[in-house]
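Notes follow once the structure below has been shown.
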Amino acid sequence: MKILVTGTAGFIGFHVAKELAARGDEITGLDNINDYYDINLKFGRLENAGIRRDKIIYNQPVRSSTQANYTFIKINLEDKDNLLKLFEQEKFDALCHLAAQPGVRYSLENPFAYIDSNIVGFINILEVSRLHRIKNLVYASSSSVYGLNEEMPFSVRHNVDHPISLYAATKKSMELMAHSYSYLYGIPTTGIRFFTVYGPWGRPDMAIFRFVKNILEDTPIDVYNLGRMKRDFTFIDDIAAGVIKIIDNPAKANDNWQGKNPDPSTSKAPYNIYNIGSNRPVGLVDFIKTIEDITGKKAKKNLLPMQPGDVQSTWADCSELERDFGYRPGTPLKEGVKAFVDWYKAFYNKK
């Protein structure tokens, strides 16, 4: 297949694009390489995929030096004209849209970045998908959409009308926008609600990155809600495998869907929503203890109250993904944390 993957200088997009290229698909990666966090990490991911930093020029494709079927192009999602030209030239079969402005807390500081990237950027993705009749559009949503919902585990059939951050609101908006395009134009769209993804090449604003960095440097870590939190930590390799299964299987209309009793995860249009998580929530204190065991160092904890926009617990019900694709994430927490610690030490030259 000829596949466009957006966000390939980012964490999940980098891993998904590499896996797709490794199995033989023709991949174009797209990213704007913004400075939300250290761009050297973003360039490091691209260089790992064979994309030379000094060759990257806006709107000019760069061929990987290690994977002949992988090309990268730097474009802003808001740049509708150049996006349209790219689609006209390449005629993609499928689109995996993982580019976004991430981060719950940052949405309190810079809300307009979320509107530009997650809303304006996504309507451009939908429009080029419509104009070029994309056979499958897969896009990143988030477990943050569950907001004030306290029914566990979180199910794609639960109500998600009460987000508690602008980030979550933009992700919910993307799901609604995708449904309207699926219904009006027959574009198969699938939204993936990711649950606390971690692993090598992860983002600096994520808990495991901050915890490992500070523990290795004997610096206190910030532990919110006094540590009384749980997260459905999911290793990146398991995430990539699930995303690829969805890319290979476009959404289909649910012939049994009923407007009088609507299933929010499917539709009479070719539209699906899936959770991807481990289905094994871990307490934050236990997660920190796992990092301590692997690094051999004790964390100094700065206990703080809950932050605005945060939720106390997440827990993914992935039964639909298991039913449809036989998906079961299998990486044990200790194995995944060790993989991250080993990568971090190597990348940042830490002992």
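Here is how the numbers come out for the structure above:
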item: Whole-number D in µm² s⁻¹ for region 32-164, Kirkwood Cα-pair radius fed into Stokes-Einstein, 25 °C, 0.890 mPa s; result: 144 µm²/s
item: Charge-dipole axis of region 232-351 as Lys and Arg at +1 and Asp and Glu at -1 on Cβ define it, positive-most pick from 285, 269, 302; result: 302
item: Binned Cα-Cα distances of region 240-351, short to long, each 5 Å bin given as a whole percent; result: 2, 9, 13, 15, 14, 14, 12, 8, 6, 4, 2, 0, 0
item: Cα-centred dipole magnitude for region 219-324, charges only on beta-carbon of K, R (+1) and D, E (-1), debye, nearest 20; result: 420 debye
item: In sequence order, calculated HN-Hα J values of region 294-310 (Karplus, 6.51, -1.76, 1.60; Hz; x Gly/Pro); result: 6, 7, x, 10, 8, 7, 9, 9, 9, 6, 10, x, 4, 8, x, x, 7
item: Solvent-accessible area, 1.4 Å probe, carbon plus sulfur percent, for region 1-121; result: 47 percent
item: Cross-link reach list, aspartates and glutamates versus residue 213, counting only Cα pairs under 17 Å and skipping chain neighbours closer than eight places; result: 38, 205, 222, 292, 293, 342
item: Computed [θ] at 222 nm, deg cm²/dmol, the chain (DSSP H ≥ 4; -39,500 (n - 2.57); rounded to nearest 500); result: -11000 deg cm²/dmol
item: Sequence-distant residues sharing a close amide H with residue 193 (under 5 Å, placed H); result: 141, 274, 275, 276
item: Exceeding the 23 Å Cα-Cα cut-off - candidates 172/252; 18/289; 74/345; 230/301; result: 18/289; 74/345
item: Selection from 200, 184, 69 lying farthest towards where the dipole of the chain points positive, charges on Cβ; result: 200
item: Reachable lysines from residue 171, criterion Cα separation under 17 angstrom, eight or more residues apart if same chain; result: none
item: Dipole of the chain [Lys/Arg +1, Asp/Glu -1 at C-beta], most positive-end residue of 17, 159, 3; result: 17
item: If the convex hull is drawn through the Cα atoms of the chain, its volume per residue in Å³; result: 126 Å³
item: Antiparallel content of DSSP bridges confined to region 109-248, in %, to 5; result: 0 percent
item: Value of relative contact order over the chain, rounded to a whole percent, pairs C-alpha under 8 Å and six or more apart; result: 17 percent
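The values are calculated or read from the model by the stated rules, or taken from the named source; none is laboratory data. Given the structure is predicted, the values throughout are model-derived calculations rather than measurements. Quick reminder, even Gly has a Cβ in these numbers, built from the backbone with ideal geometry, and neighbours come from all protein chains shown. The accessibility values were calculated without ligands, DNA or RNA, using every heavy atom of the protein model including side chains. Shrake-Rupley method; radii C 1.70, N 1.55, O 1.52, S 1.80 Å.
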